[in-house]
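Read the structure below first, then the notes.
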Amino acid sequence: MTCLRLSAVERAQLAMMLEVTAFPKPGNVDRCHDYPETRLEHFLASTIFARPALEEAELGKGRLGEIIKHAVRDTNCHAGGNTHFGAFILLIPLVYGKTIEGAMAAIANTESSDAVAFYKAFAMTAVKMNATDDLDVNDPHTLTLIRERDMNLLDIMQHSAANDMVAREWVTGFPLSRRGADLLKENGPGRDSIVRTFLTLLAMEPDTFIAKKHGMEVARETMMAARDVLDGKRSIEDLDEECIRRNINPGSIADITIAAIFLALGEGWSWDS
């Protein structure tokens, strides 16, 4: 029996847990395989350690940038490194605003202090910057530029949206997260629904996390391979093995899948049937 009346915090934690334990998810950590430096346990630990920041967000008080920074800080306490930075970017405004519309209102209300806090959170991670990004997290002058330009957190995401699909969700109103939630409900309850949704999202757009690590050509190849799996031209296990062998992990699609699960859980989707 699915638990009723989950709080937004509980739905966010559950979404993170359900995404990482679903399998097979081509190229990503799941219950069947780890990466050498980041294991399933690191992801699960982060779902627990993130709770104080998520509770801050649920109260609907404080600044989004600071809450994201707190989430990154509190989950950087294990050897697995950053596990959920992109997920926090999506989840925290959703938890804060309770709905996509509420999240967008909270995002629009951010200030330059939020942007500065976000960049400080970014600096705690090992997430790779785009080569053409003039707001380099590793440049001490970046925070000065943000203040001088009076950029809020939405401005930062608009600056990054062309090359980062997680940032693009903020700018465009969470369309892939919304689509993922609808897919989960269409695909039915349980783990297989998560895998199918993940694969469908992967087949829709090139994953920008792959593009940052391997280039856009590889990201497009992976997108087309996901389409082949959906069309029955190859198995998901075969794609998973290839991605693992080539160190290709669709991290941005994983983050968006987490946001989709969060939304679907709030709309009656069942994870344990």
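The values are calculated or read from the model by the stated rules, or taken from the named source; none is laboratory data. In this text the structure is predicted, and so the values were computed from the model without any measurement. Every residue, glycine among them, receives a Cβ derived from its backbone with ideal geometry; neighbour counts consider all protein chains shown.
For the range 49-62, the criterion of a residue being modelled with pLDDT under 95 and over 23 Å from A121 (Cα atoms) is satisfied by no position. Which residues, taken from the range 156-193, are among the hydrophobic types (A, V, I, L, M, F, W, C) and surrounded by fewer than 16 Cβ atoms within 10 Å (Cβ to Cβ)? The answer is A162, and nothing else. Tell me which residues, restricted to the range 245-257, are surrounded by fewer than 17 Cβ atoms within 10 Å (Cβ to Cβ) and not basic (K, R). Listed by number, the list holds a single entry, N247. When D231 is tested against (1) closer than 19 Å to M165 by Cα; (2) out of contact with any His (no Cβ under 9 Å at 6 or more places or on another chain), just one condition goes unmet, and that condition is (1).
For the range 189-210, indicate whether the set of residues that are out of contact with any helix residue (DSSP H, G or I) (no Cβ under 8 Å at 6 or more places or on another chain), of a type outside the set (D, E, K, R) and not in a helix (DSSP H, G or I) is non-empty.
yes
Examine the range 135-157 for a residue that is within 26 Å of L265 (Cβ to Cβ), modelled with pLDDT of 90 or more and among the polar types (S, T, N, Q), and state whether such a residue exists. No, every residue in the range 135-157 fails to be within 26 Å of L265 (Cβ to Cβ), modelled with pLDDT of 90 or more and among the polar types (S, T, N, Q). When L94, L54 are screened for being within 26 Å of D272 (Cα to Cα), crowded, with 24+ Cβ neighbours inside 10 Å and in contact with a Gly (Cβ under 9 Å, 6 or more places away or on another chain), only L94 passes.
Matching residues to (1) part of a helix (DSSP H, G or I); (2) of a type outside the set (K, R); (3) closer than 21 Å to L40 by Cβ:
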residue: K212; (1), (2), (3): yes, no, no
residue: A219; (1), (2), (3): yes, yes, no
residue: N249; (1), (2), (3): no, yes, yes
residue: A259; (1), (2), (3): yes, yes, yes
residue: A264; (1), (2), (3): yes, yes, no
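The number of residues in the range 211-220 that are under 17 Å from A167 (Cβ atoms) and free of Cβ contacts under 8 Å to residues at least 60 places away in the same chain comes to 3.
Selection over the range 190-236 of residues that are under 16 Å from T257 (Cβ atoms) and more than 21 Å from the chain's Cα centre (by Cα) gives a count of 3. Taking the listed residues K233, K213, the one that is basic (K, R), surrounded by fewer than 14 Cβ atoms within 10 Å (Cβ to Cβ) and either under 24 Å from G86 (Cα atoms) or modelled with pLDDT of 95 or more (or both) is K233, with no other qualifying.
Can you find a residue that is surrounded by fewer than 19 Cβ atoms within 10 Å (Cβ to Cβ), in a helix (DSSP H, G or I) and of a type in the set (S, T, Y) anywhere in the range 75-82? Looking through the range 75-82, none of the residues is surrounded by fewer than 19 Cβ atoms within 10 Å (Cβ to Cβ), in a helix (DSSP H, G or I) and of a type in the set (S, T, Y).
Scanning the range 165-192 for residues that are under 17 Å from P24 (Cβ atoms) and free of Cβ contacts under 8 Å to residues at least 12 places away in the same chain yields N187, D192.
M223: over 18 Å from G27 (Cα atoms) and either crowded, with 16+ Cβ neighbours inside 10 Å or of a type outside the set (K, R) (or both), yes or no? In short, no.
Residues checked against (1) in contact (Cβ under 8 Å) with a residue 40 or more places away in the chain; (2) part of a helix (DSSP H, G or I):
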{"site": "V9", "(1), (2)": "yes, yes"}
{"site": "M16", "(1), (2)": "yes, yes"}
{"site": "K25", "(1), (2)": "yes, no"}
{"site": "E41", "(1), (2)": "no, yes"}
{"site": "L54", "(1), (2)": "yes, yes"}
{"site": "E58", "(1), (2)": "yes, yes"}
{"site": "H70", "(1), (2)": "no, yes"}
{"site": "G86", "(1), (2)": "yes, yes"}
{"site": "V95", "(1), (2)": "yes, yes"}
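Before we move on, is S46 touching a residue at least 12 places away in the same chain (Cβ under 8 Å), touching a helix residue (DSSP H, G or I) at 6+ places or on another chain (Cβ under 7 Å) and surrounded by fewer than 17 Cβ atoms within 10 Å (Cβ to Cβ)? No.
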